[in-house]
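Have a look at the structure below before the remarks.
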Amino acid sequence: MHILLGVSSGIAIYKTVDLVSKLRKENYDIDIVMTENAAKLVSPTVFSAVGNCNVYINTFDINHGWITHTDLSKKTDIFVLAPATANTIAKIANGLADNLLTTIALALPEKTPKVIVPTMNTRMYENPITQKNLENLNKYGWYILEPDEGHLACGDIGKGRYPDNRKILEVIKFITSPKILMNKKVLVTAGPTRENIDPIRFISNNSSGKMGYSMAKVAKRLGAYTCLISGPTCLEKPHLIDEFIQVTSANEMFNRVMERVTEYDLIIMTAAVADYKPKTVSNSKIKKVNSKLIVELERTKDILSEIGKNKKNNQIVVGFAAETENIIEYGKEKLKKKNADYIVANNANEVMGKDSTKVYVISKDSIKEIEGSKEKVAEEIYKIII
Ligand code: CTP
């Protein structure tokens, strides 16, 4: 996938170097076009080295028959302008083409996705002239990624900050992914649950939530309305997700899922829900005694089984099984016992907490093995079940 990155002279330009690094890690084929002023802030050499790519600045460079503005604009799958200054936005919105970047922007085919990341002082951003220019670009099909609020380089506090590069990357992936889940609603559970013993202690497990968060992010990318119900994790809320609900205990997760489940087409139960909880929860801290302490546990409600029992014909229910032995055999048992359409089984010893995984997608009549990053595996799982 070819990405053409436009860079204008916002002071946040140093953050764009990290965006280039992230794009390279994701194997995008990158070309960069900078304004002359941008090149005064950060050397094109830095961008070229970090992106392992060409950096173009001048319209009139001799390039052996290559006409930079038209050839680059034809070649690209997505154009991203970050940071986008008020000046460059104004020029593009009004069809001015007085440097290579704005000339390319004007030459981009209508069907090429275009993303703009406005980054500037709040007053410049909120000025009705800038707003009108952004509105016009939006009407012409440009995706406007709103800036964040907070401390700005000039010392002011307000809207205009360069957003997190992970958010920009997510927007790029969202725009360029095939929409195989269009018009579908996907409910995903993720992470561990916590079962309190007293106000200070709890029982939980080692689930990082990474697989569930990947299932939710990818569902959104593929076009689904996506709700993520998550137990406590260290992960940040996925950008672009439609609903994000944080819960603590298995019982809370049960309630939040059950309130919604009938509205959803795909239910992806990635969460490592606790199977047991303390029979009684002490209201005050349990003080240590010299002899042993026995905490009596009782079963939690099994959310997946409950969904399996009441499943509607058009619903697809996917359970997960983290095992340490007899992975496929136990996965098959769970498929039947919980009346799921698929069980995604893995070896917990090998994949828990990692960014990559190996899973077996088990259905009534097939077993498929998938390996790769958790996001890649999530994509393959959706391709299998849809
Ligand atoms: N699950 C659930 N509610 C529970 C427990 C588990 O919905 N109270 C779901 C998980 O989200 C996952 C699947 O069931 O999709 C895991 O099955 P489970 O039988 O709980 O696996 P283990 O806890 O590993 O059980 P076992 O001890 O039988 O291996």
**OP:** Scan segment 215-224 and give yes if some residue there is within 19 Å of A378 (Cα to Cα), touching a Phe, Trp or Tyr at 6+ places or on another chain (Cβ under 9 Å), within 12 Å of the ligand (Cβ to nearest atom) and not β-branched (V, I, T), otherwise no.
**Re:** yes
Original post:
Which of (1) in a loop (DSSP other than H, G, I, E, B); (2) out of contact with any helix residue (DSSP H, G or I) (no Cβ under 8 Å at 6 or more places or on another chain) is the odd one out, the single condition G150 does not satisfy?
Top reply: (1)
Original post:
So, in segment 238-260, of the ones that are free of Cβ contacts under 8 Å to residues at least 60 places away in the same chain, part of a helix (DSSP H, G or I) and more than 10 Å from the ligand (Cβ to nearest atom), which residue ends up surrounded by the most Cβ atoms within 10 Å (Cβ to Cβ)?
Top reply: R256
**OP:** Taking the residues in segment 199-235 that are open to solvent by less than 10 Å² (accessible area, probe 1.4 Å), assigned to a loop (DSSP other than H, G, I, E, B) and touching a Pro at 6+ places or on another chain (Cβ under 9 Å) as candidates, determine which candidate is farthest from R256 (Cα to Cα).
**Re:** L222
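Keeping to segment 316-343, report how many residues are of a type in the set (D, E) and near the ligand (Cβ under 9 Å from one of its atoms). Talk me through it step by step, then tell me what you get.
First, the residues of segment 316-343 that are of a type in the set (D, E): 323, 325, 329, 333, 341.
Okay, now just the ones that are also near the ligand (Cβ under 9 Å from one of its atoms), so 323, 333.
Residues that pass the stated criteria total 2.
Based on this model, can you work out whether E380 counts as in contact with a Lys or Arg (Cβ under 7 Å, 6 or more places away or on another chain) and either open to solvent by 80 Å² or more (accessible area, probe 1.4 Å) or among the charged types (D, E, K, R) (or both)? Give the derivation first.
On the way: in contact with a Lys or Arg (Cβ under 7 Å, 6 or more places away or on another chain): no; either open to solvent by 80 Å² or more (accessible area, probe 1.4 Å) or among the charged types (D, E, K, R) (or both): yes.
No: the conditions fail for E380.
Take E306 and decide whether it is open to solvent by 30 Å² or more (accessible area, probe 1.4 Å), acidic (D, E) and in a helix (DSSP H, G or I). Spell out the reasoning first.
Working: open to solvent by 30 Å² or more (accessible area, probe 1.4 Å): yes; acidic (D, E): yes; in a helix (DSSP H, G or I): yes.
Yes; evaluated as a whole, the condition is true for this residue.
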Original post:
Restricting attention to segment 156-191, which residues are under 15 Å from I144 (Cα atoms) and assigned to a loop (DSSP other than H, G, I, E, B)?
Top reply: Y162, P163, D164
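Does D77 qualify as being modelled with pLDDT of 95 or more, touching a Pro at 6+ places or on another chain (Cβ under 9 Å) and among the acidic types (D, E)? Even if it seems obvious, please write down each step before you answer.
On the way: modelled with pLDDT of 95 or more: yes; touching a Pro at 6+ places or on another chain (Cβ under 9 Å): yes; among the acidic types (D, E): yes.
Yes.
So that you can scan it fast, the table gives a plain yes or no per residue for (1) open to solvent by 10 Å² or more (accessible area, probe 1.4 Å); (2) hydrophobic (A, V, I, L, M, F, W, C); (3) free of Cβ contacts under 8 Å to residues at least 12 places away in the same chain:
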| site | (1), (2), (3) |
| --- | --- |
| I11 | yes, yes, no |
| K22 | yes, no, no |
| M34 | no, yes, no |
| N37 | yes, no, no |
| N54 | yes, no, no |
| L72 | no, yes, no |
| V80 | no, yes, no |
Subject >> Candidates I327, I367, filtered to the one that is surrounded by 15 or more Cβ atoms within 10 Å (Cβ to Cβ) and either β-branched (V, I, T) or under 17 Å from A271 (Cα atoms) (or both) >> reply: I327
Subject >> Residue, nearest to the ligand (Cβ to nearest atom), within segment 261-281, restricted to residues that are within 22 Å of the chain's Cα centre (by Cα) and either part of a loop (DSSP other than H, G, I, E, B) or charged (D, E, K, R) (or both) >> reply: A271
Original post:
Any chance segment 162-182 includes a residue that's at pLDDT 95 or above and under 25 Å from E259 (Cα atoms)?
Top reply: yes
**OP:** Show the residue pairs that are 6+ apart or on different chains and have beta-carbon atoms under 7 Å apart, the first residue being within segment 286-313 and within 25 Å of K337 (Cβ to Cβ), the second being within 16 Å of the ligand (Cβ to nearest atom) and open to solvent by 100 Å² or more (accessible area, probe 1.4 Å).
**Re:** L297/Y276; L297/K279; E298/Y276; E298/K279; R299/Y276; T300/Y276
Original post:
Quick one: what pairs do we get from segment 163-188, first residue on the phi < 0 side of the Ramachandran plot, second open to solvent by 10 Å² or more (accessible area, probe 1.4 Å) and assigned to a strand (DSSP E or B), C-beta under 8 Å, 6+ apart or different chains?
Top reply: P163/D148; D164/D148; V171/Y143; I175/Y143; K184/Y225; K185/Y225; V186/Y225
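Would you say K338 is open to solvent by 40 Å² or more (accessible area, probe 1.4 Å) and in contact with an Asp or Glu (Cβ under 9 Å, 6 or more places away or on another chain)?
Values: open to solvent by 40 Å² or more (accessible area, probe 1.4 Å): no; in contact with an Asp or Glu (Cβ under 9 Å, 6 or more places away or on another chain): yes.
Against the criterion (open to solvent by 40 Å² or more (accessible area, probe 1.4 Å) and in contact with an Asp or Glu (Cβ under 9 Å, 6 or more places away or on another chain)), K338 does not qualify.
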Original post:
Could we say that N313 is at pLDDT below 95 and either open to solvent by 60 Å² or more (accessible area, probe 1.4 Å) or more than 15 Å from the ligand (Cβ to nearest atom) (or both) here?
Top reply: yes
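Starting from residues that are among the basic types (K, R) and modelled with pLDDT of 95 or more, keep the ones in segment 288-310 and report whichever is farthest from the ligand (Cβ to nearest atom). Step through it out loud before you land on a result.
Keep residues of segment 288-310 that are among the basic types (K, R), which gives 288, 292, 299, 301, 309.
Now restrict to residues that are modelled with pLDDT of 95 or more: 299, 301, 309.
On the way: R299: 8, K301: 6, K309: 12 Å.
Looking at the filtered set, the residue picked out is K309.
The values are calculated or read from the model by the stated rules, or taken from the named source; none is laboratory data. Note that the structure is a prediction, hence the values are computed from the model and not measured. Every residue, glycine as well, gets a Cβ built from its backbone with ideal geometry; the counts of neighbours run over all protein chains shown. Areas reflect the complete protein model, heavy atoms only, side chains present, ligands, DNA and RNA absent. Shrake-Rupley method; radii C 1.70, N 1.55, O 1.52, S 1.80 Å.
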